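As structure tokens, the structure follows; a few thoughts come after it.
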Amino acid sequence: MLVKFNDLLKQFQIHKEEYEQKIKDIMESGYYILGNEVKYFEEEFARYIGSKYCVGLASGLDALIIAFRALGISEGDEVIVQSNTYIASVMGISINGATPVFVEPNEYYNIDSSKIEEKINSKTKAILVVHLYGQASNMKAIQELCDKYNLYLIEDCAQSHGAKYDGKMTGTFGDIGCFSFYPSKNLGAFGDAGAIVTSNEKIADKVKILRNYGSEKRYYNKFVGYNSRLDEIQAGLLRVKLKYLNEIEIEKSKIVDRYLNEINNPKVILPKIENNCTHVWHLFVLQVEERDTFMEYLKKNGIESIIHYPIPPHLSEAYAYLGYKKGSFNIAENYSDKVVSIPLFIGMKDEEVSYIIKIINEY
Ligand SMILES: *Cc1c(COP(=O)(O)O)cnc(C)c1O
């Protein structure tokens, strides 16, 4: 049997007519940038998250870049972020001229809040929390630190649409929540798209201005801004998908329940879920010693797997200038040597899930 890592076509096919009708309507409306679809998507997504405002943007990376920019974080400032995140989180900080300060993750792959305080100094301006792989981080201690040291709190929710800590959605704990709607994310568009959510009107207004060349009124520019507008077609398609996000999460969690209950090979470490945190399973990540052998074995049996992520940001070429070496962040490095994600997508067949479980248990 052949099992792909992901198959985005299936998600489209389930609601094909609705997506096609939406595209047709937008094409025929004659309005393609910053029209009603964006406006309605922003209202609907803000309501879904439980935030006052949402501003649609061109990508998740743009959401991060513009979030730090809107808060005035720049050269000379430091931002705390976990050492095992996807590199976009770090780029959102460093593109603004600020310095990322890494903190090791805990056993849930999220930031270890007990290791944050020792990294705070007079240059520290913010903490960027990444709800990695789809699991909400434990926000209590982090929020307390932000209050104690007067730091901004930004959440990278690119993988955690709908995940909750203590009953509250990720994206609502900090000053700004940043979302990506990259096609493979749980709420995925059919191209690039992103957004920020916030309950602070001033921040929302500033982000709206920044996304459109820094202008509030056409041809009157307040800031040097960006072109980072969410387009009408992506917004319209996201409105359709948002209606089914709950369904997507339920279907994924059913597959995950089987993985968690039925994979019982002692060579494979399963993901753990922290108390009071929910997981929306953007990715299902295992840990295996001798990962290459394991991945080769899966491949030989027709199962695709992917590493998220093989190189932690501090060791990537892009961040050589920060001067870190192998051994600087042992926990993140250890994860990057051992983690491997297995197929988990909408439209996966029961036989495929059973087959993956069987092959892994026979390893
Ligand atoms: C996908 C992702 C991003 C970037 O989103 P894009 O839409 O691809 O720019 C940022 N952070 C994390 C954690 C991500 O997974």
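Computed from the coordinates by the stated procedures, all read-outs in this text should not be read as laboratory data. Everything numeric in this text was worked out from a predicted model, so none of it was measured. Don't worry about glycine lacking a Cβ; one is built from the backbone with ideal geometry, like all the others, and counts go over all protein chains shown.
Quick look at the numbers
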{"item": "Sorted peptide list for 25-34, 85-94, criterion being average Cβ within 10 angstrom, highest first", "result": "85-94, 25-34"}
{"item": "Neighbour-count ranking [beta-carbon atoms within 10 angstrom, fewest first] of VAL101, VAL55, VAL38", "result": "VAL101, VAL38, VAL55"}
{"item": "Cut-off of 10 Å, at most 16 other beta carbons, DSSP loop: longest stretch of the chain lacking such trypsin sites (Lys or Arg not before Pro)", "result": "124-217"}
{"item": "Value of D in µm² per second that Stokes-Einstein yields for the stretch 235-363, Kirkwood Rh from Cα pairs, at 4 °C (1.567 mPa s)", "result": "78 µm²/s"}
{"item": "Selected from CYS157, CYS146, CYS54 as most flexible by GNM, with the chain as the system and alpha-carbon contacts under 10 Å", "result": "CYS146"}
{"item": "All aspartates and glutamates inside 14 Å of LYS272 as judged from Cα atoms, apart from same-chain residues fewer than 8 positions distant", "result": "GLU107, ASP257"}
{"item": "Of LYS119/LYS148; LYS140/LYS164; LYS267/LYS299; LYS164/LYS267; LYS16/LYS241, pairs whose Cα-Cα distance is over 19 Å", "result": "LYS164/LYS267"}
{"item": "GNM top mover of ASP166, ASP231, ASP175 - the chain, alpha-carbon springs below 10 Å", "result": "ASP166"}
{"item": "Charge dipole (debye, nearest 20) of the stretch 261-363; +1 at Cβ of Lys and Arg, -1 at Cβ of Asp and Glu", "result": "200 debye"}
{"item": "Under-22-angstrom lysine pairs by C-alpha in the stretch 315-358, whenever the two are 8 or more apart or on separate chains", "result": "4"}
{"item": "Of ALA320, ALA63, ALA189, the one that fluctuates the most in a GNM where the chain has Cα springs shorter than 10 Å", "result": "ALA320"}
{"item": "Antiparallel DSSP beta bridges within the chain, as percent of all bridges there, nearest 5", "result": "60 percent"}
{"item": "Value of D in µm² per second that Stokes-Einstein yields for the stretch 123-275, Kirkwood Rh from Cα pairs, at 37 °C (0.692 mPa s)", "result": "186 µm²/s"}
{"item": "Geometric extent, Cα atoms of the stretch 251-323 - Rg, Dmax (angstrom)", "result": "15.4, 45"}
{"item": "Semi-axis lengths, Å, the chain, gyration tensor of Cα atoms, sqrt of 5 times eigenvalues", "result": "32, 28, 17"}
{"item": "Pairwise centroid distance, computed over Cα atoms, of the stretch 36-101 with the stretch 206-225, Å", "result": "17 Å"}
{"item": "Size of electric dipole in the chain: Cβ of Lys, Arg +1 and of Asp, Glu -1, about Cα centre, debye, nearest 20", "result": "580 debye"}
{"item": "q = 0.15 Å⁻¹: log10 I(q)/I(0) that the Debye formula gives for the stretch 174-233, counting C-alpha atoms only", "result": "-0.52"}
{"item": "Hydrodynamic radius by Kirkwood, which averages 1/r over all alpha carbon pairs of the stretch 1-91, in angstrom", "result": "17.0 Å"}
{"item": "Principal axis dimensions, largest first and in whole angstrom, of the stretch 48-158 by Cα", "result": "35, 31, 26"}
